[in-house]
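Structure first, commentary second.
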Amino acid sequence: MRRTGTAAIAALSTLALAACGSGGGDAAADGPVTLTMTVWGGDVDKKSYQERIDLFEASQDEISIKLQLIPGEQYEQKVQTMIAGGDGPDIMQVAEGVNVYSSKKQILPLDDLAADAGLDLEERFGPVGTLYSYDGSVYAVPDRSGAMIVYYNKDMFDAAGVEYPSAEWTWEDAQAAMEQLTIPGEQWGYAGAGWWAQWWSFAYQNGGRIIDEDGLPAANSPEVVEALQWANDLTHVHHVVPTAAEYADMGPDMGGDPAFAAQKVAMNTTGFWAINSLLEADFEWDIAPLWQGDEQAVSAFGSGLAISRDSKHAEQAFAAIDFLTDAEAQQVIIKNAQDVPANLEVQGSEAFLEPEWATREVDMSAFGASSAFVFTSPLIPEWNQMQAAFDDNLGTFWNEGGDAKAQLDVIQKKLETVIKPAR
């Protein structure tokens, strides 16, 4: 990884740092440069990004990076304001809203920079390598990317005589286990799938797509309807998932993660972040890849690193991104228990599979195993409007049950008014 970063910087030197190539102005031809980098998060995020920056700066003496951490709820507005004022960061963290920026030409396409650096995105990151794409170009390099996984209470499974979950499970296997694990009024087999990342996984497993290959909404296709109805019926027909009222009876702000920690549900599908809060739990638990439908598919959570159009040092910024997403720097992410590194080499490393902070055995290989069937979410420029259409029209459905097709027909009409076909 050090060789990669050094080679990129050496190439910059031979070009005399003359031009930015993809747009973003002229780079200074003499002397070191200082890049700005914006990220969101808290103390652990700040510590982890800074440690990785320190590694990069120690590997060469041409480029330094000034880190700016912005609270998550303020991040998009702050960065948009910076870009609107012509003062966008050189490197910026992006996630599902990446194409809000790319569709406005606020961030640079990275294909040529990646090719010049010899960075094979698929080799380094697997299916998520080109996740942050728009109109045929890549606009961000994956940085953090962990699949949604199944947390399961081993004590409950053992007591019920149920085999532990695996990626080979089908919907039928999962539902049968949920039914065996449910004790009416006391415990439930599953925490539910009311979040888009959960039920979209079932839709993709069923051969459905939220946005089709032509960039048009397909929310009310038979495959998506069937998946949403199955997810909802787990609560309101089969009673293996708590209702909203039953969650409320458990305590304030109760949902899947805290209900699993409180041993109210036997299985929960969520991300890496739940591990830390469970390390000192007084029951036996573990994680596994998500089960499958007609095909294997699962959502992933993460973020990428992009370059704003205002950067006057695009090549240097990409050299930094290349370094920050290679193996050595990515190990910092798991060392600090910040998240799942996007780099597949690190996901398969001993540092990841047996992290020093783990006070109990956790099958961390579930993340690497899941990476082979992560689906590419439709990160369209209208992402926020699309999510609002689902949120605004599925609340009562999740709380009270109902007809998935009727709800998705309404959502489909709304999406057709806000989503522009792909060019």
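The values are calculated or read from the model by the stated rules, or taken from the named source; none is laboratory data. Computed from a predicted structure; not experimentally measured. Cβ: placed from backbone, ideal geometry, glycine included. Neighbour counts: every protein chain shown. Accessible surface areas use protein heavy atoms only, side chains included; no ligands, DNA or RNA. Shrake-Rupley method; radii C 1.70, N 1.55, O 1.52, S 1.80 Å.
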Open item on the list: Positive end of the dipole of the chain, charges at C-beta (+1 Lys, Arg; -1 Asp, Glu), about the Cα centre: which of Gln60, His236, Pro165 has its Cα farthest in that direction?
Closed with: Gln60
- [ ] Starting from the Cα of Ala262, step 7 Å along the direction of its Cβ; do the same at Lys312; then give the gap between the two resulting points in nm.
- [x] 5.6
Task: Under-5 Å amide H pairs with Val138, H placed in peptide plane, nonlocal only - done: Leu110, Asp111
- [ ] Please give the net charge around Val224, taking every other residue with its beta carbon less than 12 angstrom from that of Val224, where Lys and Arg add +1 and Asp and Glu add -1.
- [x] -2
- [ ] Give the dimensionless ratio obtained when the Cα radius of gyration of the range 254-325 is divided by 2.2 N^0.38 Å.
- [x] 1.71
TODO: Give the angle, between 0 and 90 degrees and rounded to the nearest 10, that separates the Cα long axis of helix 222-236 from the longest principal axis of the Cα atoms of the chain.
DONE: 60
Open item on the list: Charges at C-beta only: +1 for Lys and Arg, -1 for Asp and Glu. How large is the resulting dipole of the chain about its Cα centre, in Debye rounded to 20?
Closed with: 1200
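Could you state the accessible area per residue of the range 124-243 in Å², with a 1.4 Å probe and every protein chain left in place? Mind showing how you got there, number by number?
Numbers: 4190 Å² over 120 residues.
Per-residue value: 35 Å².
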TODO: Place a +1 charge on the Cβ of each Lys and Arg in the range 32-154 and a -1 charge on the Cβ of each Asp and Glu, then give the dipole magnitude about the Cα centre in debye, rounded to the nearest 20.
DONE: 500
TODO: Choose one of Asn336, Phe390, Thr417: the residue whose Cα lies farthest towards the positive end of the charge dipole of the range 325-423 (beta-carbon charges +1 Lys, Arg; -1 Asp, Glu; about the Cα centre).
DONE: Thr417
- [ ] Quick one: compute a quarter of the convex hull surface over the Cα atoms of the range 310-365 and quote it in nm².
- [x] 4.4
TODO: First check a/c for the range 287-423, with a ≥ b ≥ c the square roots of the eigenvalues of its C-alpha gyration tensor; if it is under 1.5, answer rounded, and if not, answer prolate when a/b is larger than b/c or oblate otherwise.
DONE: oblate
Open item on the list: How charged is the neighbourhood of Asp155? Take every other residue with its Cβ under 12 Å from the Cβ of Asp155, and add Lys/Arg as +1 and Asp/Glu as -1.
Closed with: -3
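According to the square roots a ≥ b ≥ c of the eigenvalues of the Cα gyration tensor, what is the shape class of the chain, taking rounded for a/c under 1.5, prolate for a/b larger than b/c otherwise, and oblate for the remainder?
prolate
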Task: Calculated from backbone phi, Karplus (6.51, -1.76, 1.60) coupling profile of the range 143-149 in Hz, x at Gly/Pro - done: 10, 10, 6, x, 5, 5, 10
- [ ] Calculate the dipole size of the range 206-357 relative to its Cα centre from +1 charges on Lys and Arg beta carbons and -1 charges on Asp and Glu beta carbons; express the result in debye to the nearest 20.
- [x] 380
Task: the range 125-190 versus the range 47-120: alpha-carbon centroid distance in Å - done: 31
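Given a cut-off of 20 Å, name the pairs among Lys46/Lys66; Lys105/Lys414; Lys66/Lys105; Lys46/Lys78; Lys78/Lys105 whose C-alpha atoms lie farther apart than that in the structure shown.
Flagged as over cut-off: Lys105/Lys414; Lys66/Lys105.
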TODO: Report, to the nearest 10°, how far helix 171-181 tilts away from the longest principal axis of the Cα atoms in the chain, using its own Cα long axis and a range of 0 to 90°.
DONE: 60
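Using a 1.4 angstrom probe on heavy atoms only, work out the carbon and sulfur share of the accessible area of the chain in %.
48
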TODO: Please give the helix 404-418 orientation as an angle from the longest Cα principal axis of the chain, in degrees from 0 to 90, rounded to the nearest 10.
DONE: 20
TODO: Restricting to the chain, compute how many DSSP beta bridges are antiparallel as a %, nearest 5.
DONE: 70
Open item on the list: Could you give the length gained by full extension between Glu246 and Glu62, i.e. 0.36 nm per residue of separation minus their alpha carbon distance, to one decimal place?
Closed with: 60.4 nm
Open item on the list: Can you return the lysines within cross-link range of Lys154? Criterion is Cα-Cα under 23 Å, with same-chain partners fewer than 8 residues away left out.
Closed with: Lys264
Open item on the list: Give the separation of the Cα centroids, the range 220-258 to the range 356-423, in Å.
Closed with: 15
- [ ] Scan around Leu290 for amide H atoms under 5 Å from its own, H built in the peptide plane at 1.01 Å from N, and keep only partners 5 or more places away or cross-chain.
- [x] Val150
